[in-house]
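Down below is the structure, laid out as structure tokens.
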Amino acid sequence: MFFIANWKMFGDLRTLNSLDNVIKFSKTNKNKFKLIYCPPNTLIRPMSKRLKNSNLEVGAQNCHENDDYGAFTGQVNSRMLKNVGAKYVILGHSENRKAGENDNLINLKIKSAIKVDLKVIFCVGETLKEKKNKKTTQVLKKQIEKGLQSIKNKSKIIIAYEPVWSIGTGLIPKSEDLIKSVLFIRSRFGRKSPKILYGGSVNSDNINQLKNIKSIDGFLIGGASQDPKKIIDIIKKTYI
Ligand code: 13P
């Protein structure tokens, strides 16, 4: 199972001390799960140093679509992220879609990440309005088709299904709806389906319900992932 910790715009150098308990925990439960921390860019290098010799990995939360260097003030490309220790990058997150990223831009970003050999956690999901209008599968189809357009080798792609209305709200989809969406996503890929994660308000209470959905390969966790106790609890409960 995958557990991806998306720290969003939280954390500073001191926060890295909180990882020690998680490292200890992961060493005693080796090979059972894959835990990937995606901190802000400022922490990628120090975090990857700290996680050296552990089985935890580091990823980034976004990148520029141009994998080469260039005059793009304030931007960071996939090559730079890889260079400081990132192995993964989250792309297409709804918080960035809301800030203006469209499917075509996300497609370019995914290509730039694959080019430098980063694994991509590609986020898809419907808004509340789209859900109410019964447009969920239509939205997922469009996001996947456009986001992955002309990408033949999808071996570096992990899909994260994150309904926008469940992010940071404490709400999660009904199990039957979640299964339906995950199976729909899987059906878009045929025999070589990528790993499919669920994200949106995952916590140590609702994990008991979520872990029973066998079609899910792991979780993308926001708020709860900044607290080492909570993330350990979520992982423990997944395996009990
Ligand atoms: P929360 O777990 O805080 O709802 O955030 C989910 C998310 O956006 C992960 O990418």
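The values are calculated or read from the model by the stated rules, or taken from the named source; none is laboratory data. Since this is a predicted model, take the numbers as computed values, not measurements. So basically every Cβ, Gly included, is an ideal-geometry build from the backbone, and we count neighbours across all protein chains shown.
Counting only residues that are over 10 Å from Ser201 (Cβ atoms), in contact with a Gly (Cβ under 7 Å, 6 or more places away or on another chain) and of a type in the set (A, V, I, L, M, F, W, C), which one in the range 159-181 is farthest from the ligand (Cβ to nearest atom)? So the residue we want is Val164. Listed by first and then second residue, the pairs with beta-carbon distance under 6 Å, at least 6 apart or on different chains, first residue in the range 102-123 and in a helix (DSSP H, G or I), second within 15 Å of the ligand (Cβ to nearest atom) and among the β-branched types (Val, Ile, Thr), are Ile110/Val120; Ala113/Val89; Ala113/Val120.
Residue-level check: of (1) part of a loop (DSSP other than H, G, I, E, B); (2) in contact with a His (Cβ under 9 Å, 6 or more places away or on another chain), Thr73 misses just (2). Among residues of the range 158-175 that are at pLDDT 95 or above, those with a Cβ under 7 angstrom from a residue that is more than 9 Å from the ligand (Cβ to nearest atom) and of a type in the set (Asp, Glu), sequence gap 6+ or separate chain, pair up as Pro163/Glu126; Val164/Glu126. Leu140 satisfies every condition listed in (1) among the aliphatic types (A, V, I, L, M); (2) more than 16 Å from Asn107 (Cβ to Cβ); (3) not in a strand (DSSP E or B) except (2).
Scanning the range 183-231 for residues that are basic (Lys, Arg) and in a loop (DSSP other than H, G, I, E, B), which turns out nearest to the ligand (Cβ to nearest atom)?
In the first step, residues of the range 183-231 are kept if they are basic (Lys, Arg); the result is 186, 188, 191-192, 195, 211, 214, 229-230.
Pick out the ones that are also in a loop (DSSP other than H, G, I, E, B) and you get 188, 191-192, 211, 214.
Values: Arg188: 21, Arg191: 28, Lys192: 25, Lys211: 15, Lys214: 21 Å.
Ranking the qualifying residues of the range 183-231, first place goes to Lys211.
Inspection of the range 28-39 finds a residue satisfying the criterion of being of a type in the set (Phe, Trp, Tyr), within 16 Å of the ligand (Cβ to nearest atom), surrounded by 15 or more Cβ atoms within 10 Å (Cβ to Cβ) and within 25 Å of Asn212 (Cα to Cα).
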